[in-house]
Every structure is written in C-alpha cells, then in structure tokens.
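What follows is a single structure, written as structure tokens, with notes after it.
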Amino acid sequence: MQQSNLDFEYKFGFSMPQKYTFKSKKGLDEGVVKMISQMKKEPVWMTEFRLKAYGIFKKKPMPDWGADLSKINFDSMYYYIKPTDKQVNSWEDLPAEIKNTYDRIGVPEAEKKFLAGVSAQYESEVVYESINKELNKQGVLFCDMDTGLKKYPHLVKKYFGTLIPPHDNKFAALNSATWSGGSFVYIPKGVKVKMPLQAYFRINAERFGQFERTLIIAEEGAYVHYIEGCTAPIYTTQSLHSAVVEIFVHKNARVRYTTVQNWSNNVYNLVTKRARADENAIMEWVDCNIGSKVTMKYPSVYLYGEGARGEVLSIAYAGKNQHQDAGAKMLHFAPRTSSRIISKSISKAGGRTSYRGLVQIMPGAKKSSVYVSCDALILDEKSRSDTYPYMKIKQNDVSIQHEATVEKLGEEKLFYLTSKGISKSDAEGLLVNGFIDPVVKEIPLEYSIELNRLINLEMSGSVG
Amino acid sequence: MLQLKKVSVKVGKKEILKDFNFEFEKGKVYAVMGPNGSGKSTLAYAIAGHPAYKLDVGSLKLDGKEIRDKKPEERAKMGIFLSFQNPLSLSGVTVFQLLRIALGKKKDPLELKNEVETTARRLKINPELISRSLNDGASGGEKKKLEMLQAAILDPKLVIFDEIDTGVDVDALKTIAEFMDGNKKGKTFIVITHYNRILHYIKPDKVLVLMEGKLVKVGGAKLAEEIEKKGYEKVMS
C-alpha cells in the first residue's frame, strides 16, 4: 500500500535538528501562561488578557459539531518554544539549520522575485524578517505580532481581540492565552501596497502547538494582499495549529487574504478568521486547504458598513484520513452589502469534506445580496462530502442565490481522457485541477502552480 | 492491422456485439453502418478499451499483438484514437492541456502550441475554443472538429470516428471530411455512421453493415448508396 502523498512527503517531509534556547513544560496551566507573557516582556494588560482567556478556555466545552476532535490531548503539548535568542534582520544572520529549512521550502528564491517582505515564522518566534524599503517609506507596518505589541502598543490594544474575543470559541480562547508570533500589518490611509505581503509558517517540533496571531488593519482607502502559505514536516504524534486572524477593513479599503494550507496529515488545524468591513470596503478570503488531518475553518466577514462587500473563495482537498470541515460566514449588518461564497471541495481515498456556511442578513440590511455556490467532487466510493448551508434572513427586499452541486468523477470523463493516451492518475489530476480552476485563477501565479502540482501529486499517489 | 476474431461484448448481462469477425487493413477507409442500437458504438468502445465494454470472448489484435487486456491509454499509445460521438465537456481543461499531457515529452510545448493553432485554423475552429474549457459551450460541429484536431496532433495509426456526422452542419461536415481526406495517408479510418451523409465527401473502401449486434454484410462504397436509397430493411432482406 502506498501513502497517499508519498512524493510530497518525500520532498517536504523533513525535520531539521532542533536547537532551542527555551521550551516550556508539557501541558497548560496559569503558570505556563504567565511565563509566556513574562518571557516576552509583555505589558500587564496582555498578561491579564491571556490569563482571562485561559480561564475561558478551561470552562468552554469542545465544539459538539464539525469534525472529530476527541483525539486532541491538550496535556501532551508544548505551548511555548523559543528557537533562537533574538530576531535577526538579514538572511545571513540566520542559524544554518533554519536557513536550510527555508532553502528547502524556497523562501529566499521566492523573495528575490516577488516578495515585498518576508516574515518567516520558525516555530513560535519570528526569526527572520526583512521589510522592503518601499513599505517603510509608505508608512506600512509589517512585523511579527510580538514586535507589533512592543513597538505599537496603542494600535494593538485598540484592535486586538475586539473582533474575535476569547469567549468566541474554545480555540480562540486557547490562542488568546498562548499566542506567539503571527503577523502585524498596518496600512495607513490611502496607501496601496502593490506587492503581496507574504509569511511562511512552519512547525518543526513534535507535539508542539502553534498559536499564531495575526492582526491586519487597513485604514480608509488602503489596499493590501496578504499571503499565508504553510508546509510542515511529518510527525507521528498529533499536532495542533490554532490561529486567530483579525482583519479590520476601514471605509473604502480593500484587503485580500490568501491561504495555501498544507500542513502534514497529523495536524489539527483549527483556525478562527474574521474580518470587519466598513462602508464600501471589500474583504476577500482565498482559502485553500490541502493538508492537515482535520481542518475546521470558516473565514468570515462582518459587513458593518453600507455597501461593504465580502467574498470567500475556497478549495478543500481531503485524502486518506483527512477531514476538511471548511466554509464561510457572511453577516450582513448594513444596507446594500453583498457577499459571495464559492467553495470547491474534493474528496478521495476515504477523505471527507464538509462545506459549512452561514449567511445571516440582519434586520435593516435591505437591498443586500448573497451568492453562494458550493461544488463537491467525489473521486471514489469510499470518500464523502456533506453540505451544511445555513441561511438566516431577517430582512425583506434582499437577493439570495444558492447553488450546490455534487459530482462523482465519472468513468466516462476518465475514459475520454485515457482513450487519448493519458494515464488514469494524470486524467484525475487534469479533471480535479480543472474543477478548482475558477478559484485557482484568483491565486498569485507561484502559488497556483504549486497548488496544481500538489493536486497532481495527490492523484498520482493513489492506489490502483 | 486490426483483427477481430469471434469478438463478443456484453454490457452488464446483455450481449451487444455478437461473434464479430473482421480484419481492418492498413491505409483503408471503412464505413460501419447500421440502425440505432445495432452495436456500432459498442464496437468503437471495445476497440478503444472502455472498461465497461470488455471483450467477453474473442481476440483483438493490433498489428499482430493481442490488446484485449490493455488499458485505454496503452491502446492510445499504440496508435488507436477514438473520436467520440458526444465529446464530454471538461470544465477547466483545455484541448492544449489534454494534448500536452497525452504527448508527454514527445513534443516541445511551444512547438505543440504552434501546431495546435495551425491545425485549428485549417479546421476553421474558433480560436477562442482552444483556450476555453474543452467542449464547454461548443456546438455539435465544433466538438467534432475539436476531436479531429486531437486526432491530427496525436497522429494515430487507426482513427475511429463514432457518429462523426450527427449534430454537425453541412459546412462543418465538409471541413471535417476534407481534412480527413487530406490526412489519410497510411492511416486506417473506421467511420461509424448512421446516415450516408459523410460518405458523400469521403469514399469508403469498404462498408460494413451491423444489425442487432451482428456483422451482416460487407460491401463496397455502392452498398452505402443502396442503403441510403432503400433503407436497411430492404437492403438486408
């Protein structure tokens, strides 16, 4: 029997020897939370925020819906690891093994060509960061969250945890108590960042949960495209990734947030992502979930201002032993707000995908419009796909469109391609890539190529 | 070049093709005719290797090699090409992608691109269709032309056209037939057709008539004309 993504594991499934300057004990208690805050020399309000969040985390039950989370053992995880003592500003200053890791993912290579700035996260601390001069000139702030808190405490305090408070859900509470790293992005009024801002994430310690925290603020009329991509080494024990991302899109501003999630197949990826869109603001989530054991993620947009627009384009792939429970949430609070959700999911080799979406139109949000389209592609009899679309409409005079399709990758289409001389796995790859093409088109080129290649690898690793 | 001996094909439990014996020769054009449900498409699928149309009994040899257990992609690599009766639309897959993967390293992508464009012009294919999802929103005639385009680029030894003339207007049919005529050198064509229309433009060397899954008559080009005039029943009785 072959492993479902053998080639991919071979290429990326490595782990470098680890040198840590500090590692917390296993498990979580108040002491660990305090220690994290102390190590980071945080202001008192943040220590208190963490402790309060920890209290909420303890009390909150696990979600009784969605994917199976019963195997998560909070006591067997490390909650804080500090890989090197201080942050470095240039590539040369990075420790050799970290540099090797990034060389293998290809960060510096990519940077030369495309990147406006890289904030690369090695475990819980951002160790490498280079900010383009132009960004500085424009007054754009782009750093890791820890630095953001140190250097811009007023901005952080104003926004942090206001859109996703700790009591939102158990994992938001856990993140709030233990967060480390992530990105802080601030775009001043009227500034349009031409190049996408990118951050590479990587988990490199066994049983280590990564709780990054990202805060993006786009002031009036600003524009930014933030890209988050992950690859992770393979481990035998389960790992947890639980991030919180809060985005504030002010009047007439536009933010696009692209994720290519490809955690190894032992990672629980439980992420809360939410954006607030003010008057005529546009928020777009492009969310691709290929890896992880379990993902629960529903990027949402709270459409607060009149004329605001929210969009979620998502791709989910579930292979053997994977469950992708992904979707979107659109809350219309103001008149003439519009939202669009396009979801494409693929399940194969016993994998399971679920689309879970909530669209809510509040009283007063008249003349709002909603478009939801979710398509599922099931590759074999063992695999499964479910759709859970919830709509709560509390206002008349709105336009709602909902389309859903479930398609089995038919023998006829495969025969059409194989009879032209294409192998079955290549034919599957072609059809699956064709199926997700409308969403892939929205992703920057270097990512879309990687995504197409990943899909092909997933298809070629199949049994039979 | 293609020899069928005692071939019988069952779909489910039903025997569709019964005891079919015939040898197709290299460089010739064959018309396979017959009423609806007579087993014409089944013959095409069985030769191309459709998994649901496996040979129940009999042998299928291409240039002397038994291919009855070969996968469709293996048969394609050996030079068999099937042009579909109803080419399926493949969203997000272009004809260029299909050809690039089918040819693998055999052809440089740029060279292939030029060749696709030139051939498309000769077949009078709307250039937009080349970069669009294959067969998506294409008319019957355009779909068949796209099949023809694939046949031209993949350069097979044996081309089977399943109902090339259904859903195709006269202009498209003419273009297809002319193209076929200009590219037939050394190739074997099996033209499956319900009507005689295409045979006005391309002369078959032999006409095979299928009725109820059996090969009932083999004749020259005249046989097709006779069928057109009198109908199957009268010709066979």
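Bear in mind these aren't lab numbers, they're just calculated from the coordinates by the rules spelled out. Remember, it's a predicted structure, so these values are computed and weren't measured experimentally. Note that each Cβ is placed from the backbone with ideal geometry, even for glycine, and that neighbours are counted across all protein chains shown.
Before moving on, here are some points about what is shown:
- Under 5 Å, built H, 5+ apart or other chain: amide partners of A:ASP287: A:THR259, A:LEU313, A:SER314, A:ILE315
- Extension gain (nm, one decimal) between A:MET62 and A:GLU220, 0.36 nm per residue minus Cα-Cα: 53.1 nm
- Using θ = phi - 60° and Karplus 6.51 cos²θ - 1.76 cosθ + 1.60, couplings along the stretch B:5-15 (whole Hz; Gly, Pro as x): 10, 6, 7, 10, 10, 10, 10, x, 9, 8, 7
- With a cut-off of 20 Å on the backbone N, the residues of the stretch A:413-455 near the modelled label site 7 Å out from B:LYS77 along Cα-Cβ are A:414-431.
- D_trans [Stokes-Einstein, Kirkwood Rh over alpha-carbon pairs] for the stretch A:252-343, 4 °C, 1.567 mPa s, µm² s⁻¹: 97
- FRET efficiency for the B:ASP181 to B:LYS107 pair, using the beta carbon distance and R₀ = 30 Å, is estimated at 0.75.
- The stretch B:56-71 - phi-based ³J(HN,Hα) in whole Hz, Karplus 6.51/-1.76/1.60, Gly and Pro as x: 6, 9, x, 10, 10, 10, 10, 6, x, 9, 5, 10, 4, 9, 7, 6
- Sorted by Cβ neighbour density within 10 Å, fewest at the top, the residues B:LEU134, B:LEU103, A:LEU149: B:LEU103, A:LEU149, B:LEU134
- q = 0.17, 0.20, 0.23 Å⁻¹: log10 I(q)/I(0) that the Debye formula gives for the stretch B:2-99, counting C-alpha atoms only: -0.83, -1.10, -1.36
- In chain B, the longest principal axis of the Cα atoms and the axis of helix B:140-154 are about 80 degrees apart.
- What the phi angles of the stretch A:353-358 give under the Karplus curve with 6.51, -1.76 and 1.60, with θ = phi - 60°, is a coupling list of 10, 10, 9, 10, x, 10 Hz, glycine and proline written as x.
- Per-selection metrics, the protein assembly as shown (Cα): Rg and Dmax in Å: 30.5, 101
- Cut-off 12 Å between beta-carbons: net charge of the residues surrounding A:ARG274, Lys and Arg +1, Asp and Glu -1: +2
- Cα-based shape type of the stretch A:422-464, given that a ≥ b ≥ c are square roots of the gyration tensor eigenvalues and the cut on a/c is 1.5: prolate
- Put in line by how crowded their Cβ is, counting other Cβ atoms within 10 Å and starting with the fewest, A:TRP179, A:TRP263, A:TRP45 read A:TRP45, A:TRP263, A:TRP179.
- Interatomic Cα distance distribution for chain B, bins of 5 angstrom, percent: 1, 6, 14, 18, 20, 17, 13, 7, 3, 1, 0, 0
- Computed E for A:THR162/A:MET195 - FRET, C-beta separation, R0 30 angstrom, nearest 0.05: 0.60
- Taking amide H positions as modeled 1.01 Å from N, with prolines and chain starts lacking one, the residues under 5 Å from A:ILE227 and 5 or more places away or on another chain are A:LEU197, A:GLN198, A:ALA199, A:THR258.
- Around B:GLU228: net Lys/Arg minus Asp/Glu count, Cβ-Cβ under 15 Å: +3
- Here's the picture: charge each Lys and Arg Cβ at +1 and each Asp and Glu Cβ at -1 in the stretch A:422-464, and of A:VAL440, A:ILE455, A:SER423 the one pushed furthest to the positive end of that dipole is A:SER423.
- Each Lys or Arg adds one and each Asp or Glu takes one away; over the other residues whose Cβ falls under 14 Å from the Cβ of B:PHE24, this sums to +4.
- A convex hull fitted to the Cα coordinates of the stretch A:338-464 yields 117 cubic angstrom per residue.
- Sequence of A:CYS374, A:CYS143 once ranked by neighbouring C-beta atoms within 10 Å, starting from the fewest: A:CYS143, A:CYS374
- The stretch A:275-431 - Debye-derived log10 I(q)/I(0), Cα point model, q = 0.10, 0.12, 0.17, 0.20 Å⁻¹: -0.41, -0.56, -0.90, -1.09
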